[in-house]
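Visitor: Okay, handing you the structure first.
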Amino acid sequence: MYKRILTIQDISCVGQCSLTVALPILSACGVEASILPSAVLSTHTAGFTGFTFRDLADDMPAIRDHWKKENIQFSAIYTGYLGSISQVDYVLSIREATLQKGGKLIVDPAMADNGKLYPIFDMAYAKAMGRLCAAADYILPNITEACFLTDTEYKETYDEGYIEGLITKLQAMGCKNVVLTGVSYREGFTGVLVAEGEKRHYYEHEKLPNSCHGTGDIYASAFVGAYTRGKTAPQAAKIAADYTVECIRYTAKLDNHWYGAAFEPLLGKLIEAIDNG
Ligand code: PXL
């Protein structure tokens, strides 16, 4: 069945993240991508200075009402970086109005990394994001985001008990299914833990020495695309992880490509993994 996804996240005009990543990746996955831009920025906020920022929250109710009048329905809604706290309630009302029966709300909290919130966000935003996560079918936090969502101390090194503690707290908030990224138990390796109710599935992969901005968006978009195409969550988590690692590996070979990961040349591999995996 042909699937149409609505993705709600910002347009960073330059910088290879959010919608400029989600649109091509979702299209490559073979699903129709509709968009609702949450904000427009001249660049992303990680490494550039003096970026412009326009919050588009005020446009959201009229867009929602028009879609409702036109009876537009989506197979899934996937949210990422939102521009402001008021968007959380708009997203919930857009789900109410447009998500088809049985459709999934997939939330990437997209607000923090390496122990810190992104610029422009504060604890009030993190709390509001917690409400959206609690209403989601799947959430895709990294460890930093899981810590902000659950008021847990961020640690660089940890054991399985710490990770299980994060999952338990997230599930107690109402997040039934968690895809936790960047879970690393040994030098040179990292991975993703998929927790669906009581079930746990850990996929470990190589950890490359370089890291790139925007890889969370590449990961989440590939996960959503693969999952919407009928893969199970653990299968989609593996496809997305393998693709993201290849994008990081490719980017390491480029000069002066610090602002994002070059995901475009690897799209063929993602399509192959979805079609033949
Ligand atoms: O990749 C996440 C992201 C999305 N959008 C904007 C960002 C970031 C990360 O910093 O700044 C505007």
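Visitor: Which whole-Hz ³J(HN,Hα) couplings does the range 45-52 yield from phi under the Karplus relation 6.51 cos²θ - 1.76 cosθ + 1.60, θ = phi - 60°, glycine and proline marked x?
Guide: The phi angles translate into 9, 9, x, 8, 10, x, 5, 7 Hz.
Visitor: Ignoring ligands, DNA and RNA, please state the percent of accessible area on the range 105-170 from carbon and sulfur, probe 1.4 Å.
Guide: Working: 1370 of 2770 Å².
Within the range 105-170, the accessible surface is 49 percent carbon and sulfur.
Visitor: May I ask you to derive the FRET efficiency for residue 172 and residue 122 from their Cβ-Cβ distance with R0 = 30 Å, giving the value to the nearest 0.05?
Guide: Values: r = 24 Å, r/R0 = 0.79.
Once the sixth-power term is evaluated, E becomes 0.80.
Visitor: Please give the charge dipole size of the chain, origin at the Cα centre, charges +1 on K and R Cβ atoms and -1 on D and E Cβ atoms. Round to the nearest 20 debye. Before the final figure, lay out each step's value.
Guide: Values: 25 positive and 32 negative charges, 124 e Å.
Computed about the Cα centre, the dipole is about 600 debye.
Visitor: Probe radius 1.4 Å, ligands and nucleic acids ignored: give me the carbon and sulfur share of the accessible area of the range 1-98 as a rounded percent.
Guide: Numbers: 2260 of 4140 Å².
Exposed carbon and sulfur together represent 55 percent of the surface.
Visitor: State the percent of C-alpha pairs, over all pairs in the chain, separated by a distance greater than 33 angstrom. Mind dumping the intermediate values first?
Guide: Values: 5255 of 38226 pairs.
Counting pairs separated by more than 33 Å, the tail of P(r) holds 14 percent.
Visitor: Moving on. Just list whichever of 68/176; 116/238; 199/238; 101/199; 127/199; 127/169 have alpha carbons separated by over 19 Å in the model shown. Walk me through the numbers before you get to the answer.
Guide: On the way: 68/176 28 Å; 116/238 26 Å; 199/238 16 Å; 101/199 24 Å; 127/199 26 Å; 127/169 14 Å.
From the list (68/176; 116/238; 199/238; 101/199; 127/199; 127/169), the Cα-Cα distance tops 19 Å for 68/176; 116/238; 101/199; 127/199.
Visitor: Tell me the per residue accessible area of the chain using a 1.4 Å probe; a whole number in Å² is fine.
Guide: Values: 12450 Å² over 277 residues.
Spelled out: the 1.4 Å probe surface of the chain, per residue, equals 45 Å².
Visitor: Okay, helix-only estimate at 222 nm for the chain: each DSSP H run of n ≥ 4 adds -39500 (n - 2.57), divide by all residues, round to 500 deg cm²/dmol; what do you get?
Guide: Estimated from H runs of four or more residues: -12500 deg cm²/dmol.
Visitor: Let me ask you something else. Tell me which DSSP H helices of the chain clear both cut-offs, 15 Å or more of axial length from alpha-carbon atoms and a mean Kyte-Doolittle hydropathy of at least -1.0.
Guide: Details: long enough: 86-98 (18 Å, -0.01); 123-134 (16 Å, 0.60); 160-173 (20 Å, 0.22); 215-228 (19 Å, 0.56); 233-252 (28 Å, 0.10).
Helices meeting the criterion: 86-98, 123-134, 160-173, 215-228, 233-252.
Visitor: Now for a separate question. Once the convex hull of the C-alpha atoms of the range 193-266 is built, how many Å³ does it hold per residue, rounded to a whole number?
Guide: On the way: hull volume 6.3 nm³, N = 74.
Residue-normalised Cα hull volume stands at 85 Å³.
Visitor: How many Å³ per residue does the convex hull of the Cα positions in the range 1-159 occupy? All intermediate terms of the calculation are to be shown ahead of the outcome.
Guide: Numbers: hull volume 20.3 nm³, N = 159.
Per-residue hull volume (Cα only) is 127 Å³.
Visitor: Within the set of other residues whose C-beta is less than 9 Å from the C-beta of residue 41, count the net charge using Lys and Arg as +1 and Asp and Glu as -1.
Guide: Numbers: positive: 54; negative: 10.
Result for the neighbourhood of residue 41: 0.
Visitor: Roughly how many debye, to the nearest 20, is the charge dipole of the range 170-277 about its Cα centre, given +1 on each Lys and Arg Cβ, -1 on each Asp and Glu Cβ, and no other charges?
Guide: On the way: 11 positive and 12 negative charges, 52 e Å.
Value, rounded to 20: 260 debye.
Visitor: Right, next: How large a share of the accessible area of the range 209-277, in percent, is made up of carbon and sulfur atoms when the probe is 1.4 Å and the other protein chains stay in place? Walk me through the numbers before you get to the answer.
Guide: On the way: 1570 of 3090 Å².
It is 51 percent, rounded to a whole number.
Visitor: Follow-up. Just grab the label-to-label distance for residue 198 and residue 135, each label 7 Å out from Cα along the Cβ direction, in nm (one decimal).
Guide: 3.0 nm
Visitor: Can you list the GluC sites (Glu not before Pro) in the range 149-186 that are in a DSSP coil and have 11 or fewer other beta carbons within 10 angstrom? Walk me through the numbers before you get to the answer.
Guide: Values: sites: 153, 156, 160, 164; in loops: 153, 156.
In loop regions of the range 149-186 (DSSP not H, G, I, E or B), the sparsely surrounded GluC sites (Glu not before Pro) are 153, 156.
The values are calculated or read from the model by the stated rules, or taken from the named source; none is laboratory data. Not measured: the values here are computed from a predicted model. FYI the Cβ positions are ideal-geometry reconstructions off the backbone, even for glycines, and counts take in every protein chain you see. Calculation scope for accessible area: heavy atoms of the full protein, side chains included, ligands and nucleic acids excluded. Shrake-Rupley method; radii C 1.70, N 1.55, O 1.52, S 1.80 Å.
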